[in-house]
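Structure, as structure tokens:
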Amino acid sequence: MAAIEHVVVLMLENRSFDSMLGKLYPAGPNFNGLTGLEANSYGGQPLPVWTSGTMDADVASTPTPDPGELFTDMTFQLFGGPAGKAPPSMGGFVGNYMAQPAADRPFDPRSVLHYFTPEQVPIISTLAKAFGVCDQWHASAPCQTWPNRFFVHTGTALGYVNNSQFPIPFPAPSIFHQLQTAGRSWRVYFHDVPQSLLLRDIWLSAPLHYRFFDQFLVDANNGVLPNYSFIEPRYFTDTILREIPNDEHPPHNIMFGEQLIANVYNAVRNSPCWKKTLLIITCDEHGGCFDHAPPPNAIPPDSHNQEGFDFDRYGVRVPAVLVSPYIPAGSIIRAAPQGVPHDGPPYPFDHTSILATLSSLFNLAPLTARVRAAPNLLSALSLPLPINDGPKSITVTTPTTTTTTASNKAKLPPNHMQTNLARMAASLPVSAPTQITPEPIPMADVTPPTVAVAAANAIARVKSFLNL
Amino acid sequence: MALPSLFRPFPAVTAAANRVKLPAFLLALFWGFTTPAMAACPALTTTPAKLMAISCLTDAQNKPENLSLSLNNDLGVVLNTASSVDASTFVLFLNGRAVDGLDPIYDASNHRIVFHLQRTPANAADWQTLLGAPTGLSKAVAVSLGVRTTTSPHPQPTVVGINGIEPSFHFQTIPMIRFALATLAIGVMLLLVWGSATRTTILKDNLIPQIEPKRQPYSLGRWQMAVWFSLVFASYVFLFILLNDPNTLSEQALMLMGISGGTALAAVTVDAAKDSPSHAANAGLQLLGIKSWTDVVRIKAEIFDREAQLASKNVPLAKEAAAQLTLEILDRRMKLRTYEEAITPFVSGGWFADIATDLNGPALHRIQVICWTFLLGGIFLYGVWHDLAMPQFSYTLLALMGISSAGYIGFKYPESQ
């Protein structure tokens, strides 16, 4: 068994597997990618998947505007209408996209069918080929960001399907607390507003474990990475630091996400911890971007349900790249048979596979039934010795961010995710509590007019809470 | 004849005076001397018969030790000769140095030669020796005369007092009233330029108008411009009161002011044109509704007002109203926290740190401008004091200053500010 002592997870936002890695290899039995014939109907005409031959800021921001991502949106995207018992057709992406409320620019029905070629996303593609790619990694549920991010932290969403409905703090036991209890170290490295700060059982100790992303680079360089590192990207435009979100959430420019991936990889690859580290790069959910692989049925994590959904189905596939010197170059990693209908066991990978891996590595009890059923990732570490060092470092050219660019983006209204993060931050106590009352805090009813206001207030509150 | 005790033998002429045994001359030194007799200027003999052996003596009414003269006053020298003399042949020597171009006239009624102590371009070098490097407001000046003849165009100070003694008087190098006015003018200038430097943005960048003026960082360009302006202004006033000459501004001084002014202007232009972190901070704060320091003051006042409302026992608040006020206070405090974090890298760290460093620490292109400014400024001041003229820097030296400033402007593009 590979001697992994450090697990690093970088979870980005809202991209489907097909949109990012569908063309990594030719589609076939060994790689469930795009043939180019996949399509959705719109106006009676089939619209096939497509890519732009060039790469600029507009292409990198596709789809623009942001597709729908509420539970009802995703249900439509999967089934083309109400959810049924039959396997999802994956035919409702375009229809749902065009049914979204008016945005700041017209909806182009082809936007959600766009995919990037490996040349257009060189960082994640390079790592996928140099190590391993999972073509069978699904979001844990066909839901928004928060439910899926809670799955990666706790193995459940406690029945909540949309961001805005969660209790604050989120009461499910988390992997962080479990690691802490087991005497293992962990840290969350974040850029602006860490969504994971909603977890109730880490509130008392959060100031000890939450650090800005720059600290990750330092810790990696010094060889003092914790057993578990979870990295949250930048969700907001920061006008003062002239930073554009690097979370890859549409319509954010994915090249900034590529830059973040490169930074994380370079830090891990050149860390004294490299030989004992497993790096997992994935997205929380597909965000309305097209994927052709129907999500299989899943084990419900618990008995909670909402809107008639028992959390018995995975979400859409998301990109997932595993990096470790124990993974052979060019690995295509999967855990279940391919094809529809598929009703495990064995089950495909989903976010709870991370928890299953941590449970296996550090001898922890599975947090939920979903975690218990999830395949862990250790089977991908098939080399007997850590001999695949991959590229020494990788670089990517990101667009220059001017003050004007940042200001213009910060003047826009916040998206759903940003609004909910702002509300979450506004609901946080001014400082980390010394004891936690069982009653949930009502989510603050704030509606920031712009990204700038949302970010400033949210970041200030997070810093105050974490005493940073 | 008894000699005034203040007279001392003048070694160069003592021997001649002893040989000819001439009576003592009378030297009269007076202020504001103008008479009709002088204007008429009667016909004079071209060569005083016994002038070769004359000496200087004080006027009866004005003892030299009490006499105080300055530029553009008149100095009369009474000779002991009985006949008229040709005043134009006499050359006044002050502290042993001939001062030409004083247009002496003979005052027959008082039997003396009158020299108008004027400074002209022709005799500026002579006066420089006399007035340069002043260490006080006045200095003692010894008087003697020489006689210019066709055979001796550059005379020696052969006409001295009895027994070769040179009388002396107090020459006011810097007249008190002028000195007071000049001090006042320079003081006002310094007060205007430097007096409010710490409290206002006169010498500061003001790139982020949201920062309180006294916390704004100092600007190297503006500092350099202020240094040269102050030096040139003070020097001009100093020379004017000393020399009564309004035309002492040199080409080089103008060029130095031009270089420093151009540097400051170019620095502002670069700051405005480039996309710097300070612009980002400014833009970010503007998006939060903080456009100037006034807005910060307003937000603080709003917090204070709301806190006062919450603390007031006279008007009890409903629970909802109190919660709303608390939320508003929290919102404004978070705004101020963001504000403080945004401006922290840009607030003044002290004068030298501001002008010598950028966000990355000490900057060579800034330090070299500071060094050259101090060096040339020192040379400039010394030159004005010592030579009574603004220094004539070589064009090579001016080019060096220009290159230094240009280097600063060039490096300002990529520098983090």
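Overview of values
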| item | result |
| --- | --- |
| Qualifying residue in the stretch A:338-348 (condition: buried (at least 21 other Cβ atoms within 10 Å of the Cβ) and either in the same structural domain as A:PHE131 (by TED's automatic domain parsing) or part of a strand (DSSP E or B) (or both)) | yes |
| Test: residue in the stretch A:261-269 that is among the polar types (S, T, N, Q), assigned by TED's automatic domain parsing to the domain that holds A:PHE79 and within 17 Å of A:VAL121 (Cα to Cα) | yes |
| Scan of the stretch A:9-60 for residues that are over 24 Å from A:THR397 (Cα atoms) and within 23 Å of the chain's Cα centre (by Cα), ordered by number | A:PHE31, A:ASN32, A:GLY33, A:LEU34, A:VAL49 |
| Options A:THR437, A:THR447, A:THR397, A:THR403: the member that is surrounded by fewer than 20 Cβ atoms within 10 Å (Cβ to Cβ), modelled with pLDDT under 90 and within 13 Å of another protein chain (Cβ to nearest Cβ) | A:THR447 |
| Number of the condition not met by A:PHE93 [criteria: (1) crowded, with 20+ Cβ neighbours inside 10 Å; (2) without any contact (Cβ under 8 Å) to a residue 40 or more places away in the chain] | (2) |
| Check on A:ILE333, under 21 Å from A:ASN32 (Cβ atoms) and not basic (Lys, Arg) | yes |
| Odd one out for A:LEU468 among (1) crowded, with 17+ Cβ neighbours inside 10 Å; (2) within 11 Å of chain B (Cβ to nearest Cβ); (3) of a type outside the set (Gly, Ala, Ser) | (1) |
| Meets criteria (surrounded by 23 or more Cβ atoms within 10 Å (Cβ to Cβ), over 19 Å from A:GLY287 (Cα atoms) and of a type in the set (D, E, K, R)) for A:ARG211 | no |
| Matching residues, the stretch B:97-109, being in contact with a strand residue (DSSP E or B) (Cβ under 7 Å, 6 or more places away or on another chain) and outside any strand (DSSP E or B) | B:ASP100, B:LEU102, B:ASP103, B:PRO104 |
| The one condition in (1) at pLDDT 95 or above; (2) out of contact with any Leu (no Cβ under 6 Å at 6 or more places or on another chain); (3) surrounded by 21 or more Cβ atoms within 10 Å (Cβ to Cβ); (4) not basic (Lys, Arg) that A:PRO48 fails to fulfil | (3) |
| Single condition A:ALA460 does not satisfy, out of (1) touching a residue at least 40 places away in the same chain (Cβ under 8 Å); (2) within 14 Å of another protein chain (Cβ to nearest Cβ) | (1) |
| Hits in the stretch A:243-272 (condition: under 27 Å from B:LEU285 (Cβ atoms), charged (D, E, K, R) and surrounded by fewer than 24 Cβ atoms within 10 Å (Cβ to Cβ)) | A:GLU243 |
| Yes/no for A:ALA454 being within 20 Å of B:LEU285 (Cβ to Cβ), of a type in the set (A, V, I, L, M, F, W, C), touching a residue at least 12 places away in the same chain (Cβ under 8 Å) and not assigned by TED's automatic domain parsing to the domain that holds A:GLU13 | yes |
| Failed condition for A:SER379, given (1) away from every other protein chain (no Cβ under 14 Å); (2) in a loop (DSSP other than H, G, I, E, B) | (2) |
| Qualifying residue in the stretch B:349-372 (condition: surrounded by 15 or more Cβ atoms within 10 Å (Cβ to Cβ), over 24 Å from B:THR269 (Cα atoms), in the same structural domain as B:PRO246 (by TED's automatic domain parsing) and at pLDDT 85 or above) | no |
| Residue satisfying all of: in the stretch B:173-223; outside any helix (DSSP H, G or I) and closer than 30 Å to B:LYS139 by Cα; modelled with the lowest pLDDT among these | B:PRO175 |
| Residue check for A:PHE190: within 14 Å of chain B (Cβ to nearest Cβ) and among the aromatic types (Phe, Trp, Tyr) | no |
| Set A:CYS283, A:CYS273: member being more than 30 Å from A:ASN457 (Cα to Cα) and at pLDDT 95 or above | A:CYS273 |
| Neighbours by Cβ (under 9 Å, 6+ apart or cross-chain): first from the stretch A:324-349, modelled with pLDDT under 90; second buried (at least 16 other Cβ atoms within 10 Å of the Cβ) and of a type in the set (D, E, K, R) | A:GLN338/A:ASP135 |
| Among residues of the stretch A:165-191, those that are farther than 17 Å from A:ILE436 by Cα and in a strand (DSSP E or B), counted | 5 |
| Whichever residue in the stretch B:304-346 is more than 10 Å from chain A (Cβ to nearest Cβ) and hydroxyl-bearing (Ser, Thr, Tyr) and, among such residues, is farthest from B:GLY361 (Cα to Cα) | B:SER312 |
| Hey, A:ARG423 more than 9 Å from chain B (Cβ to nearest Cβ), buried (at least 20 other Cβ atoms within 10 Å of the Cβ), assigned to a helix (DSSP H, G or I) and under 24 Å from the mean Cα position of the chain (by Cα) or not | yes |
| Residues located in the stretch A:406-417, provided they are away from every other protein chain (no Cβ under 11 Å), in a helix (DSSP H, G or I) and surrounded by fewer than 24 Cβ atoms within 10 Å (Cβ to Cβ) | A:HIS416 |
| Per-region count, the stretch B:376-398, residues part of a helix (DSSP H, G or I) and surrounded by 13 or more Cβ atoms within 10 Å (Cβ to Cβ) | 12 |
| Pair list, Cβ < 8 Å and 6+ apart or interchain, from the stretch B:117-145 residues that are within 16 Å of B:PHE238 (Cα to Cα) to residues that are acidic (Asp, Glu) | B:ARG119/B:ASP245; B:GLN128/B:ASP387; B:GLY132/B:ASP387 |
| Condition met for B:SER230 (over 30 Å from B:PHE380 (Cβ atoms) and either within 14 Å of another protein chain (Cβ to nearest Cβ) or part of a helix (DSSP H, G or I) (or both)) | no |
| Residue within the stretch B:253-272 that is farther than 25 Å from B:GLY195 by Cα, charged (D, E, K, R) and within 14 Å of chain A (Cβ to nearest Cβ) present | yes |
| Selection from the stretch A:223-240 of residues that are among the hydroxyl-bearing types (Ser, Thr, Tyr) and either within 14 Å of chain B (Cβ to nearest Cβ) or under 27 Å from A:ALA452 (Cβ atoms) (or both) | A:TYR235, A:THR237, A:THR239 |
| Whichever residue in the stretch B:263-311 is outside any helix (DSSP H, G or I) and small (Gly, Ala, Ser) and, among such residues, is modelled with the lowest pLDDT | B:SER276 |
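The values are calculated or read from the model by the stated rules, or taken from the named source; none is laboratory data. Note that the coordinates shown come from a computational prediction; the quantities given were computed from them, not determined experimentally. A quick note on method: Cβ atoms are made from the backbone with ideal geometry, for glycine too, and the neighbour counts reach across all protein chains shown.
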